[in-house]
1. If a residue must be assigned to a loop (DSSP other than H, G, I, E, B) and open to solvent by less than 80 Å² (accessible area, probe 1.4 Å), how many such residues does the stretch 49-82 contain?
2. Considering the stretch 108-126 alone, what residues qualify as being surrounded by 11 or more Cβ atoms within 10 Å (Cβ to Cβ) and either more than 17 Å from L153 (Cβ to Cβ) or not β-branched (V, I, T) (or both)?
3. Considering only residues that are without any contact (Cβ under 8 Å) to a residue 12 or more places away in the chain and outside any loop (DSSP other than H, G, I, E, B), look in the stretch 139-168 and name the one that is surrounded by the fewest Cβ atoms within 10 Å (Cβ to Cβ).
4. I need the full set of residues from the stretch 26-48 which are open to solvent by 40 Å² or more (accessible area, probe 1.4 Å) and either small (G, A, S) or farther than 22 Å from S11 by Cα (or both), in order please.
5. Within the stretch 66-89, how many residues are over 15 Å from N4 (Cβ atoms) and either among the basic types (K, R) or in contact with a Ser or Thr (Cβ under 6 Å, 6 or more places away or on another chain) (or both)?
6. Could you list, in sequence order, the residues of the stretch 93-138 that are in a loop (DSSP other than H, G, I, E, B) and aliphatic (A, V, I, L, M)?
7. I'm trying to understand the selection: among the residues of the stretch 128-138, which are open to solvent by less than 50 Å² (accessible area, probe 1.4 Å) and under 13 Å from L100 (Cα atoms)?
8. Please go through (1) closer than 30 Å to I97 by Cα; (2) at pLDDT 95 or above for G33 and return the number of the only condition it doesn't satisfy.
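The values are calculated or read from the model by the stated rules, or taken from the named source; none is laboratory data. Model, not experiment: these values are computed from the prediction. Because the Cβ atoms are built from the backbone with ideal geometry, glycine has one as well, and the counts that use them run over all protein chains shown. Quick note on the areas: whole protein, heavy atoms, side chains included, nothing else; ligands and nucleic acids left out. Shrake-Rupley method; radii C 1.70, N 1.55, O 1.52, S 1.80 Å.
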Amino acid sequence: TVNNDGAGPTSGLVTVTDTIPTGLTATGFSGPGWSCTLGTLTCTRSDVLASTASYPAITLTVNVASTAPASVTNTAGVSGGGELNSANNTASDVTAITLLPDLTLTKTHLGAFTQGQAGATYTLTVGNSGAGPTSGLVTVTDTVPPGLTATGLGGTGWSCALGTGTCT
C-alpha cells in the first residue's frame with residue numbers, strides 16, 4: 001500500500017517495484033487503478049494522491065517452491081510522484097515458510113531367494129529427504145510379488161498388520 005505522508009499531493013508518475021526472494025515465483029500482480037506488469041513486478045499510476053491518503057493496495061500472488069528456505073524477506077519500493085523524502089520508500093515483509101517432509105521408501109533384500117525357501121526377508125526403510133519433520137500418521141503398504149507369501153511383518157516403532165501388508 002502506497003501512502004502519501006507528505007504535506008502536499010503527488011504529481012506525475014508513481015512507480016512501485018517488488019523484488020521477490022529466491023524460493024518464490026510471482027503468478028499475479030495487480031491493484032485497482034494500477035497498471036501492473038507481472039514480468040518486471042512493476043506497477044504505475046499517475047493520478048494525484050492527496051496528502052495523508054493512500055492508493056488502493058496492490059496484491060502480489062506467489063507460488064512457493066518446494067525448496068524455499070524457512071524464511072524469506074520480500075521487499076518493495078515506491079518512487080516518483082514528485083516527492084523529495086525517499087528515506088521511507090521501501091517496505092519489507094519477513095515471511096516464515098513451513099518446511100515440509102518428503103517421505104522416501106526403499107525395499108531391499110540380501111542374496112538370492114531359492115524355490116521352497118522359508119524365512120526370506122525384505123527390508124523396507126522409510127526416510128525423509130524433505131526439509132521439515134513428518135506429522136501425523138505415516139503408513140507403509142507392502143505388496144508381495146506373485147509366488148511369495150508374506151509370513152511376518154514388523155519393525156521397531158511400527159504397528160503392522162500382516163493381512164493388509166501395512167505398517168503405521
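1. Our first condition is that a residue be assigned to a loop (DSSP other than H, G, I, E, B); within the stretch 49-82, this holds for 49-53, 55-58, 65-70, 81-82.
Right, trim to open to solvent by less than 80 Å² (accessible area, probe 1.4 Å) and you get 49-51, 53, 55-58, 65, 68-70, 81-82.
The qualifying residues number 14.
2. F113, A120, Y122, L124, listed by residue number.
3. A161
4. Across the stretch 26-48, the qualifying residues are T27, S30, G33, S35, L38, G39, T40, S46.
5. The number of residues fulfilling the criteria is 4.
6. Across the stretch 93-138, the qualifying residues are I97, L99, L100, L110, A112, A118, A120, A131, L137, V138.
7. G130, G132
8. Single failed check for G33: (1).
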